[in-house]
Amino acid sequence: MRLPPAVHVSLAPSRLAVAFVVGMALGSCVVLATLPFDPVLMAFAMLVVVIWAGDRVFVVALRRGPRATLALWLTGDRMLVVRSGDGGLTAGHVRSSSYLGARVTTIVWRPDGARFSRAEWILPDMLPAEDFRQLRVLLRYGRSEDAQASPASQA
């Protein structure tokens, strides 16, 4: 069986991701404000949440910095190559715990030789609609011959 062509996508900054991260941070701060803690401890916890949100907006939503994912290459055998903000390329394989939806896609993958998996959060405004569709189709129907059997015959 011949593999489908590889998909290459360049990820752009996302307004949806900025709104989501900021909303989650604000919600967390509201919850922290309602808890019966010492005001100094509460202020420290809120500072930690704000620092985390700033980092996630900078790296994940705006795609800035050396840890940001700028581009993805996905092959039909579920091999993924990620180009980070520092120009480095990291190859690995997509895990079955990835999620594919119309509004959000998460790619869970493990770099070759790494102990832990990583996740990429992809929203529709990060890339053109056709690229988003191609990426989801290849993630859904790509197969790893090591982990999955050949698809059933359609004849």
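Below is a table of values for the structure above.
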{"item": "Gyration tensor (alpha-carbon) shape descriptor, the range 15-61, a/c threshold 1.5", "result": "oblate"}
{"item": "Where only C-alpha atoms are counted, convex hull volume of the chain per residue in Å³", "result": "150 Å³"}
{"item": "Low-density loop positions, trypsin sites (Lys or Arg not before Pro), the range 1-56 - DSSP coil, at most 10 other Cβ in 10 Å", "result": "2"}
{"item": "Inter-label distance for residue 90 and residue 8, nm, one decimal - labels placed 7 Å from Cα along Cα-to-Cβ", "result": "2.1 nm"}
{"item": "Normalised contact order of the chain, rounded percent, pairs of Cα under 8 Å and 6 or more residues apart", "result": "24 percent"}
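Here, each number is a calculation from the coordinates, and none is a lab measurement. What you are looking at is a predicted structure, and each value in this text was computed from that prediction instead of being measured. All Cβ positions, glycine included, derive from the backbone under ideal geometry; neighbour counts span all protein chains shown.
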